[in-house]
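Computed from the coordinates by the stated procedures, all read-outs in this text should not be read as laboratory data. Treat the numbers as computed from the prediction; the structure is a model and nothing was measured. Every residue, glycine as well, gets a Cβ built from its backbone with ideal geometry; the counts of neighbours run over all protein chains shown.
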């Protein structure tokens with residue numbers, strides 16, 4: 001599971017640009033996975049968009065919030081928030097091949113993630129972000145490190161929230177296996193170039209640190 005650069009595509013950020021074309025540009029720029037976020041979309045609309053992305057991309061596609069749609073569309077995984085259907089029961093009924101990620105923003109949420117045995121944690125927000133109004137108080141690299149230390153051995157922990165090419169390196173040095181990015185990629189005029197810059201910063205930081213077991217992806 002390569003989560004060095006999880007590009008989160010959101011129609012609200014695209015500003016009318018084509019979903020699949022933007023996703024392809026992010027992949028060309030070095031995104032290692034893509035998450036589809038369509039808040040308020042119908043299940044049918046989300047399913048259709050997911051299938052279009054799966055047909056167009058070679059990188060894994062994750063669906064935000066909707067485990068039922070992820071399973072029906074044969075996506076690679078689902079990303080859940082703490083207010084979605086609980087991750088533990090979801091993990092119990094879904095096939096192991098469908099990966100589950102969970103948002104974590106506090107020690108109590110970290111404990112929920114530990115009990116749920118999810119495939120990866122997404123900790124944030126790292127910095128102030130306009131992409132998610134209810135994201136909470138920014139943790140900063142130190143806060144991220146404290147929560148990441150609570151993850152079980154071998155479970156990748158990525159960072160989200162206000163991440164750009166200029167701060168991605170310090171996030172990785174704080175212990176992240178990768179970063180999840182919305183606006184700095186899909187809000188940029190040059191989607192591919194923006195993804196490429198963030199990916200380069202992530203790879204450089206990963207290459208400069210000893211990797212704890214399970215935190216550094218094997219695929220390079």
- [ ] Return the whole-Å distance between the Cα centroid of the range 173-202 and the Cα centroid of the range 1-56.
- [x] 14
TODO: Name the shape class, rounded, prolate or oblate, that the alpha-carbon gyration tensor gives for the range 1-66, where a ≥ b ≥ c are the square roots of its eigenvalues, rounded holds for a/c under 1.5, and otherwise prolate holds if a/b is larger than b/c and oblate otherwise.
DONE: prolate
Task: For the chain: Kirkwood Rh in Å [reciprocal of mean 1/r, alpha carbons] - done: 17.0
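Give me 191, 78 ranked fewest to most by other Cβ atoms within 10 Å of their Cβ, as a rough exposure proxy. Each step should come with its number before you reach the end.
Numbers: 191 25, 78 28.
So the residues, fewest neighbours to most, are 191, 78.
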- [ ] Under 1.5 on a/c is rounded, so check that first for the range 133-185, then, if it is not, pick prolate when a/b is larger than b/c and oblate when it is not; a ≥ b ≥ c are the square roots of the alpha carbon gyration tensor eigenvalues.
- [x] prolate
- [ ] Show that you can apply the helix-only estimate: for the chain, add -39,500 (n - 2.57) for every DSSP H stretch of four or more residues, divide by all residues, and state [θ] at 222 nm to the nearest 500.
- [x] -11000 deg cm²/dmol
